[in-house]
1. Placing unit charges on C-beta atoms (Lys and Arg positive, Asp and Glu negative, everything else neutral), compute the dipole magnitude of the chain about its Cα centre in debye, rounded to 20.
2. Project the alpha carbons of segment 162-264 onto their principal axes and report the range along each, largest first, in whole Å.
3. So what's the gap between the Cα centers of segment 26-55 and segment 180-201, to the nearest angstrom?
4. What fraction of the Cα pairs in the chain, stated in percent, has a spacing above 39 angstrom?
5. Could you tally the net charge around residue 330, taking each other residue with its Cβ under 13 Å from the Cβ of residue 330, Lys/Arg +1 and Asp/Glu -1?
6. Could you give each residue of segment 301-311 its phi-based ³J(HN,Hα) in whole Hz, using Karplus coefficients 6.51, -1.76, 1.60 with θ = phi - 60°, and x for Gly or Pro?
7. Of the listed peptides 318-324, 395-401, what is their order by residue-averaged count of other C-beta atoms within 10 Å, with the highest listed first?
8. Please report how far the C-alpha centroid of segment 100-152 lies from that of segment 219-250, rounded to the nearest whole angstrom.
Amino acid sequence: MRQFFLSVALAAVISAPVAAPGLAQDFSPVVYVNNAVVTEYEIQQRMRFMQVLNAPEQGRDAAEKALIEDRLRNEAARQIGVEVSDVGLEQGLSEFAGRAGLSTGEFIQVLERSGVERQAYRDFVKAGVAWREVVRQRIAPSVAVSDAELDQALKRIVETPLVTQVLISELIIPAPPGQEQAVMAQAEALTQSVRSEAAFADAARRLSATPSAARGGRLEWMAVDNMPPSLRPIILGLQPGQMTPPLSVSGAVVLFFLRDTRGELRPGAREQQLDYLQVTYASTAEAQGVAAQARSCEELYVFANGLPDQQVQRVTGGQGSIPSGIAVRLASLDENEATVIDRGGAADLVMLCDRTPVLLAGLDSGPVATATTTDGETVAAADSNALPERESVREQIFNRKITQAADAYLAELRADAVIRRN
């Protein structure tokens with residue numbers, strides 16, 4: 001999503017006229033962060049930089065907050081001996097510019113057209129590179145992803161319907177040449193004040209320059225596949241009742257409000273593979289006594305120790321392959337929960353060990369669909385219903401936990417810092 005914001009914003013900047021020379025530079029300190037300072041000039045530069053990026057949060061307060069956090073990041077790096085080399089900085093500059101499909105030089109030219117000096121860009125990237133190394137050294141070693149976390153995440157993915165249709169409202173505000181910043185500020189104000197569909201509809205009636213304005217910006221159900229590819233991740237990243245940040249397009253600023261979604265489960269998502277333990281005892285009373293004590297399949301194995309092999313069976317199979325009498329009982333059990341089936345003279349203790357969507361059972365071992373290109377090259381074929389690989393999901397969880405830990409550490413640094421304003 002961030003890459004989409006960057007691409008859209010840069011497209012607008014590249015096609016815009018060259019900005020007029022800025023006002024006199026003001027290097028007076030505005031904020032003191034421990035032993036560092038943030039100047040008025042830096043705040044103005046960061047505000048322009050955030051506008052070019054079409055950042056979700058913009059304005060003076062957001063720029064000041066970002067610069068304060070950069071000072072804290074740099075200080076944390078110095079405290080553990082992290083120094084950003086020239087090579088490391090150049091790699092960081094190139095990596096960030098590459099998100100918009102530009103070289104470092106091309107990206108700097110775009111920034112300069114909007115009045116952002118290259119030093120502001122270098123300072124921004126340098127703080128990010130330094131912080132990444134702080135996170136790598138200080139936080140990453142303590143973060144791990146267990147197999148249980150991974151399995152749970154994969155189950156949630158299988159059980160979550162794929163969104164196939166969306167119900168959105170639009171608000172498109174014209175931005176004539178020279179009025180782009182004022183219109184963007186107006187749109188940003190809406191993102192702060194609009195908290196409901198009714199409020200969005202009222203704003204659309206007043207401000208939107210499209211035929212849908214009379215309907216409060218409301219559009220009919222729209223297939224996700226029919227949406228512009230660059231817009232899909234923006235809309236799919238919302239929950240019903242949320243709106244996008246302002247999106248800059250040629251001659252306008254656009255806002256979308258997600259009212260509802262429709263979806264469907266992946267093919268086969270309802271099919272389950274069951275793993276259960278069946279132990280046959282001489283009487284119902286004996287089976288019930290063991291069921292009351294065993295808390296897991298592993299414990300049940302201990303209780304069954306010494307019984308003949310034919311009386312202890314571990315079974316794994318699809319729902320359709322399990323005897324109906326047992327399948328009905330398993331349907332109401334949670335993992336490591338047991339039930340007793342009276343066989344008239346004997347009794348079966350049945351405990352559910354695991355319940356896994358069939359889609360996950362062969363996730364890492366199934367065949368990969370392929371396609372042949374026009375030049376004869378064989379490549380993996382795209383499948384919108386395909387599940388992500390386990391290691392890909394593990395990496396996502398790891399990155400999320402790293403981000404949460406890093407944010408918590410930064411908040412701790414800010415709470416401990418001496419911050420005062422001129």
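1. Using Cβ point charges on Lys, Arg, Asp and Glu, the chain gives about 1220 debye.
2. Principal axes ranked by extent give 45, 27, 24 Å for the Cα atoms.
3. Cα centroid of segment 26-55 versus Cα centroid of segment 180-201: 25 Å apart.
4. Working: 37778 of 88831 pairs.
Of all Cα-Cα distances in the chain, 43 percent exceed 39 Å.
5. -4
6. Once θ is set to phi - 60°, the couplings for segment 301-311 become 4, 5, 5, 8, 4, x, 6, x, 4, 5, 8 Hz.
7. On the way: 318-324: 11.9, 395-401: 14.6.
Ranked from most to least packed, the peptides come out as 395-401, 318-324.
8. Answer, in whole Å: 26.
Every number here is computed from the coordinates shown, using simple stated rules; none is lab data. These numbers were taken from a predicted model, which means no experiment stands behind them. Positions of Cβ are backbone-derived with ideal geometry, glycine not excepted, and every protein chain shown enters the neighbour counts.
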